[in-house]
1. From the list Leu149, Leu198, which one is touching a Leu at 6+ places or on another chain (Cβ under 7 Å), closer than 23 Å to Pro114 by Cα and open to solvent by 10 Å² or more (accessible area, probe 1.4 Å)?
2. What single numbered condition from (1) in contact (Cβ under 8 Å) with a residue 12 or more places away in the chain; (2) in contact with a strand residue (DSSP E or B) (Cβ under 8 Å, 6 or more places away or on another chain) fails to hold for Gly66?
3. Looking only at the range 111-146, count every residue that is open to solvent by 60 Å² or more (accessible area, probe 1.4 Å), farther than 27 Å from Ile95 by Cα and not charged (D, E, K, R) and tell me the total.
4. Quick one: Val203 ticks every box in (1) farther than 22 Å from Leu51 by Cα; (2) surrounded by fewer than 22 Cβ atoms within 10 Å (Cβ to Cβ) except a single one, so which number is it?
5. Here is a list of conditions, (1) open to solvent by less than 10 Å² (accessible area, probe 1.4 Å); (2) touching an Asp or Glu at 6+ places or on another chain (Cβ under 7 Å); (3) of a type in the set (Phe, Trp, Tyr), and Phe167 meets all of them except one; can you say which number that is?
6. Which ones in the range 281-320 are surrounded by 16 or more Cβ atoms within 10 Å (Cβ to Cβ), touching a Gly at 6+ places or on another chain (Cβ under 8 Å) and in a helix (DSSP H, G or I)?
7. Would you confirm whether any residue within the range 108-118 is over 30 Å from Pro252 (Cβ atoms), more than 22 Å from the chain's Cα centre (by Cα) and assigned to a helix (DSSP H, G or I)?
8. Got at least one residue in the range 56-67 being assigned to a helix (DSSP H, G or I) and surrounded by 15 or more Cβ atoms within 10 Å (Cβ to Cβ)?
Amino acid sequence: MEKNSRIFTVSLNTSLDRTFYTEKIVFGDINRITTGRLDAGGKGLNVARMLHRLGNKVEIVVCLGGDNGKVVARLATGEGLVLRPITTQGETRNIFNFIETCSGRILRINEPGPVFSKREKENLFRKLNSLPLGSSDILVLSGSLPPGLPEDTYQRIINQIKSKTTFITLDADGQVLKKGVQAGPWLIKPNLWELARLLGGKVTSLNQLVRYGYRLMKRTGLKLILLTLGQFGALSLSSQHLFWAKPPRVKPISEVGCGDAFLAGFLHGYKRNWALEECLMFAVACGTAKVLCPGTGMPSLKQVFSLKKQVTMGQPEKLNLSFCYNPEYPCKIN
């Protein structure tokens, strides 16, 4: 990849993340907040925030509306981010994260987001089409879609943009991911449940993963699958390799945004022409460092490099994927 390659992220369903800590969540009783914080949120913004923390120049196409949108813009620019805003009439959504300090468990309550009008959709595609993308620049499409945007939105964006750059990353779920993959992005980053919904069934063995992954790549033109496994690390699968990077054991403070930090870490290394296994190890270090930060705060480069020393490469054939499914994660596949 060229030295001066740029990274653009897209945040269609931006959020104002309101994180609250309480000793224990008790339903039907009073829960007292010990501390709280506000962060500019949404997966596309989180990826950009982490890339910026790592020293990358990144620009964000971000949808903002109402008072919440103004707060998000202030928080994001306060971190030094460069925004390409799209104004919506509807209010930027809230995301409420309630973190139980005794267990580290998170109760997440997400608003759906503003309803996009026909005019706002047209403005979105005009803005994306005007991005100064070069052939080696990276475009990151990440997160859910707000009401009013159809499930094939990412698919349409990829088809529109891939004549400018083929380095398009997609991080989504459900039908949005299924339709987006059909357009042939360069990279996808599902977790195990998201991959199960994409493929129509749970992947419980490495042979299954390789077989289904190769089939998907051949059918769509996809080049790389980054599969995140939570405490078990992550796998990287292409037509030529399969790598597994394992994180050190840590006590999490907040797991919100870990996948976004992971993806940013991988792109940071790839942009610098690191070997893929080095990119994966650095990505796992970024995701691990993120769990040690409160709310959706992102770690520093120093924190990441400190943890990278403890990330190890494993032998994929020794990994039992059936043990890696988080039983608390929503498991609906169809």
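The values are calculated or read from the model by the stated rules, or taken from the named source; none is laboratory data. For clarity, every value in this text was computed on a predicted model and none was experimentally measured. No Cβ is skipped: glycine too gets one built from the backbone with ideal geometry, and neighbour counts run over all protein chains shown. Surface accessibility is based on the protein's heavy atoms, side chains included, excluding ligands, DNA and RNA. Shrake-Rupley method; radii C 1.70, N 1.55, O 1.52, S 1.80 Å.
1. Working: Leu198 fails: closer than 23 Å to Pro114 by Cα.
Result of the check over Leu149, Leu198: Leu149.
2. With respect to (1) in contact (Cβ under 8 Å) with a residue 12 or more places away in the chain; (2) in contact with a strand residue (DSSP E or B) (Cβ under 8 Å, 6 or more places away or on another chain), Gly66 is out only on (2).
3. Counting residues in the range 111-146 that are open to solvent by 60 Å² or more (accessible area, probe 1.4 Å), farther than 27 Å from Ile95 by Cα and not charged (D, E, K, R) gives 3.
4. Tallying (1) farther than 22 Å from Leu51 by Cα; (2) surrounded by fewer than 22 Cβ atoms within 10 Å (Cβ to Cβ), Val203 fails exactly one: (2).
5. Of everything listed in (1) open to solvent by less than 10 Å² (accessible area, probe 1.4 Å); (2) touching an Asp or Glu at 6+ places or on another chain (Cβ under 7 Å); (3) of a type in the set (Phe, Trp, Tyr), Phe167 misses just condition (1).
6. Phe282, Ala283, Val284, Ala285, Cys286, Gly287, Lys290, Val304
7. yes
8. Step one: filter the range 56-67 for residues assigned to a helix (DSSP H, G or I), giving 66-67.
From what's left, surrounded by 15 or more Cβ atoms within 10 Å (Cβ to Cβ): 66.
Checked the range 56-67: at least one residue is assigned to a helix (DSSP H, G or I) and surrounded by 15 or more Cβ atoms within 10 Å (Cβ to Cβ).
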